[in-house]
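For reference, the structure discussed in these notes is given below.
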Amino acid sequence: MGTKVQPRNAVLTYMGRIEMYEGFPRFVFAGTSVTVRFKGTDISCTIRNHRFYNKMELGVVIDGKVTKVPFDHKEEDITLTLAEGLENTEHEITLYKRQDATHYFEFKGFELDDCAELLPAKPLPKRRIECFGDSVSAGAVVEAIDCVGQNDPEGHDGTFDNAWYSYAFITARNLGAQLHDTAQGGIAIFDNTGWYHAPDFIGMETAYDKVCYFPEAEGGYTKWDFSKYIPHVVLFAVGQNDQHNEAEGDPDINDPEFRERWKSAYKKIVLDLRAKYPKAIFVLLLTVLCHDSAWDDAVEEITRELDDPKITHFMFTRTGKATPGHPRIPEQYEMAEELTAYLSGMGDDIWN
């Protein structure tokens, strides 16, 4: 038997919205992670996975090198080898969720080789960011690097998804910050709009205050305790999918009645978050994925109407113009570099 590391062991560090389900941490949002440090040669993890669609893969960072572990889904505990035959020195391993709501899982712990030695956890960064967004923020299809500036490859099955390379995570790493990536592919502001359905179309108005935000999961919806994580910076990147309505025809942001209703719902979420995070800087934005500039105009109107110095509107150089398909890794880095510069320009005081 190897050295078992239980999920509640104090040497582990977690990042992301995590809840306990039947005694184990449950990973739902893309990028949610657990990190362990040890001296040894081998490491595996045990999870209980719940699949909805796409192929299953876990993200792993081994001493700074990003890799992945594909696995066959089973509705039971499974043990996956993360690394073996490592040099018998100190290592840092991060296990993270590459994909959004294609699946979720309970983390049951790590197992190390017989002679391994657990090492104290490094503290998480003091700087904290939260990103509310859609598939771009979740890192969907980023690894289809042969399709930069092009539509997504046909039949992509989740194997190109990697939250680690979303602009949100790159920006957080650039700035030395934690990140909660509260993002889901296809999500819009309103329920019954956008592309995310599980099984009904779910909007950010339902998802933003949840840990589990899809009703078909075991236990259904579960609320997030906002006191567990107070960000210094909030990125709010919703609006890309809002022109789609599966049930009644597509909304038109240039229709005055819909525009006001949409802006009102958007502002309601932002203001609720603003009340929960009174010291945070809010950055409203859309990404470089192609979209009608009328949505950017609406976000600018929201910013002016809220008239709050802590709520800003940021636009990338190529907002809405760079690609008809999901931004790939180079385009995600492009966004991250511009956003990093924008936040850095606000000075260090925003992190106090």
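Among all positions in region 257-266, there is at least one residue which is under 16 Å from D296 (Cα atoms), within 20 Å of the chain's Cα centre (by Cα) and modelled with pLDDT of 95 or more. Of the residues making up region 205-228, none is within 20 Å of T13 (Cα to Cα) and touching a His at 6+ places or on another chain (Cβ under 8 Å).
Condition (residue is over 30 Å from R274 (Cβ atoms) and in contact with a Ser or Thr (Cβ under 6 Å, 6 or more places away or on another chain)) applied to region 114-129: is it met by at least one residue?
In the first step, residues of region 114-129 are kept if they are over 30 Å from R274 (Cβ atoms); the result is 114-122.
Then keep just the ones that are in contact with a Ser or Thr (Cβ under 6 Å, 6 or more places away or on another chain); that gives 116, 121.
Yes, that holds for at least one residue.
Yes or no: region 239-248 includes at least one residue that is touching a residue at least 60 places away in the same chain (Cβ under 8 Å) and more than 18 Å from E300 (Cβ to Cβ). Outline the logic, then answer.
Kept after step one, since they are touching a residue at least 60 places away in the same chain (Cβ under 8 Å), are these residues of region 239-248: 239-241.
Subsequent filtering for residues that are more than 18 Å from E300 (Cβ to Cβ) retains 241.
Yes, that holds for at least one residue.
Of the residues A138, A144, the single one that is in the same structural domain as L289 (by TED's automatic domain parsing), touching a strand residue (DSSP E or B) at 6+ places or on another chain (Cβ under 9 Å) and of a type outside the set (D, E) is A138.
In the condition set (1) β-branched (V, I, T); (2) in contact with a Ser or Thr (Cβ under 8 Å, 6 or more places away or on another chain); (3) more than 30 Å from V141 (Cβ to Cβ), V11 is compliant with all but (2). Residue count for region 335-352, restricted to those that are exposed (fewer than 15 other Cβ atoms within 10 Å of the Cβ), closer than 19 Å to P278 by Cβ and hydrophobic (A, V, I, L, M, F, W, C): 1. Those strands (runs of 3 or more DSSP E) of region 113-215 in which 1 or more residues are polar (S, T, N, Q), surrounded by fewer than 24 Cβ atoms within 10 Å (Cβ to Cβ) and out of contact with any helix residue (DSSP H, G or I) (no Cβ under 6 Å at 6 or more places or on another chain) occupy 177-183.
Here G219 passes the criteria (1) touching a Gly at 6+ places or on another chain (Cβ under 6 Å); (2) surrounded by fewer than 16 Cβ atoms within 10 Å (Cβ to Cβ) except the one numbered (1).
A quick yes/no check of all residues on (1) in a strand (DSSP E or B); (2) outside the structural domain of Y167 (by TED's automatic domain parsing); (3) aromatic (F, W, Y); (4) crowded, with 18+ Cβ neighbours inside 10 Å:
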position: P7; (1), (2), (3), (4): no, yes, no, yes
position: V11; (1), (2), (3), (4): no, yes, no, no
position: R26; (1), (2), (3), (4): yes, yes, no, yes
position: F29; (1), (2), (3), (4): no, yes, yes, yes
position: V36; (1), (2), (3), (4): yes, yes, no, yes
position: I47; (1), (2), (3), (4): yes, yes, no, yes
position: H50; (1), (2), (3), (4): yes, yes, no, no
position: V60; (1), (2), (3), (4): yes, yes, no, yes
position: V69; (1), (2), (3), (4): yes, yes, no, no
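Counting residues in region 80-92 that are touching a residue at least 12 places away in the same chain (Cβ under 8 Å) and within 23 Å of G185 (Cβ to Cβ) gives zero. Scanning region 309-341 for residues that are touching a helix residue (DSSP H, G or I) at 6+ places or on another chain (Cβ under 7 Å) and assigned to a loop (DSSP other than H, G, I, E, B) returns F314, M315, F316, T317, T319, G320, A322, G325, H326, P327, R328.
The values are calculated or read from the model by the stated rules, or taken from the named source; none is laboratory data. The structure presented is a predicted model; accordingly, all values stated were derived computationally and were not measured. Glycine also receives a Cβ, built like all others from the backbone with ideal geometry; neighbour counts cover every protein chain displayed.
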